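> Sharing a structure here in structure tokens format.
The values are calculated or read from the model by the stated rules, or taken from the named source; none is laboratory data. Quick caveat, the model's predicted, so the values are computed rather than measured. Cβ placement follows ideal geometry from the backbone for every residue including glycine, while neighbour counts extend to all protein chains displayed. Heads up: the accessible areas ignore ligands, DNA and RNA and are worked out on the full protein's heavy atoms, side chains in. Shrake-Rupley method; radii C 1.70, N 1.55, O 1.52, S 1.80 Å.
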Amino acid sequence: MKSKAANTLSQCPQCACFNLRKSARAITRLYEAAFHPIGIQATQFSLLVVAHRVGELPITETADKLGMDRTTLTRNLKILEGRGFIAVGPGKDGRTKSVKLTREGREMLVKALPYWEQAQQKIVHGLGLSRFKGLLKELAAIRALTQ
């Protein structure tokens, strides 16, 4: 008879965290390969998209929109700011810092879109539109569980 620990350990390959992280690493590699010719990373592209869509936003709110911690965001912002794609400056209330997309950032975003579309279409076509939309819905449900 198996012990309870052995039985529980046999279920570990079904771990939600392990499987989601493994999938996230795989999808990141796909997008990173797509963006390689223009020299940006998938996380940087996502940051540029958020900055474009929301306009000027405090760093904390930007981190929330991206689902990342401030430290990780700050590291990515320094790289993008150094390349002239993002401007980080005083926030509207003077106590915070805010993030804003620059003209160069918008140009990079436009340049990156065909590469993103290539990677995105590979996933959408591979899964099929219905499964892809279902995946997005399930991922949103998982994020909601953690709130």
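> Taking the Cα atoms only, what angle lies between the long axis of helix 70-82 and the longest principal axis of the chain, rounded to 10 degrees?
40 degrees
> Right, here's the next one. Provide the per residue accessible area, probe 1.4 Å, for the chain, rounded to a whole number of square angstrom.
Accessible area per residue: 70 Å².
> Go through the range 97-111 residue by residue and turn each phi into a ³J(HN,Hα) via Karplus (6.51, -1.76, 1.60, θ = phi - 60°); whole Hz please, and just put x for glycine and proline.
9, 10, 10, 9, 6, 8, 4, 4, x, 5, 5, 5, 4, 4, 5
> Of all accessible surface on the chain at a 1.4 Å probe, what whole percent is carbon and sulfur?
The computed percentage sits at 57.
> Where a Cα-Cα gap under 29 Å defines reach, which lysines qualify for Lys78, not counting those fewer than 8 residues away within the same chain?
Candidates past the 8-residue exclusion: Lys22, Lys65, Lys92, Lys97, Lys100, Lys111.
> If you plug each phi of the range 13-22 into the Karplus form 6.51 cos²θ - 1.76 cosθ + 1.60 with θ = phi - 60°, what whole-Hz ³J(HN,Hα) values come out, in order, with x for Gly and Pro?
Ordered by residue, 3J(HN,Hα) equals x, 8, 4, 4, 4, 4, 5, 5, 5, 4 Hz.
> Separate question: Using θ = phi - 60° and the Karplus curve 6.51 cos²θ - 1.76 cosθ + 1.60, what whole-Hz ³J(HN,Hα) does each residue of the range 127-140 get, with Gly and Pro shown as x?
The phi angles translate into 8, x, 4, 5, 5, 4, 4, x, 4, 4, 5, 5, 5, 5 Hz.
> Hey, got the Cα dimensions of the chain along the principal axes, in Å, largest first?
Reported extents, whole Å, longest axis first: 65, 38, 25.
> So which trypsin sites (Lys or Arg not before Pro) in the range 74-147 are both in a DSSP loop and have at most 13 other Cβ atoms within 10 Å of their Cβ?
Lys92, Arg95
> If you stretched the chain out fully between Leu20 and Asp69, how much longer would it get, using 0.36 nm times the residue separation minus the C-alpha to C-alpha distance?
Between Leu20 and Asp69, full extension yields 15.8 nm more.
> Next question. In percent, what relative contact order does the range 23-147 have, based on Cα pairs under 8 Å that are 6 or more apart in sequence? Could the numbers behind the result be given before it?
Numbers: 110 pairs, mean separation 30.9, N = 125.
Relative contact order for the range 23-147 comes out at 25 percent.
> Run the quick spin-label model on Lys78 and Phe132: label points 7 Å from Cα toward the beta carbon, then report their separation in nm to one decimal.
3.6 nm
> Sticking with this structure for a sec: Can you list the residues, at least 5 places off or on another chain, whose amide H is less than 5 Å from the amide H of Ile86, using H built in the peptide plane?
For Ile86, the qualifying residues are Glu81, Thr102.
> Looking at the range 1-74, which trypsin sites (Lys or Arg not before Pro) are DSSP coil and have at most 11 other C-beta atoms within 10 Å of their C-beta?
Numbers: sites: Lys2, Lys4, Arg21, Lys22, Arg25, Arg29, Arg53, Lys65, Arg70; in loops: Lys2.
Answer by residue number: Lys2.
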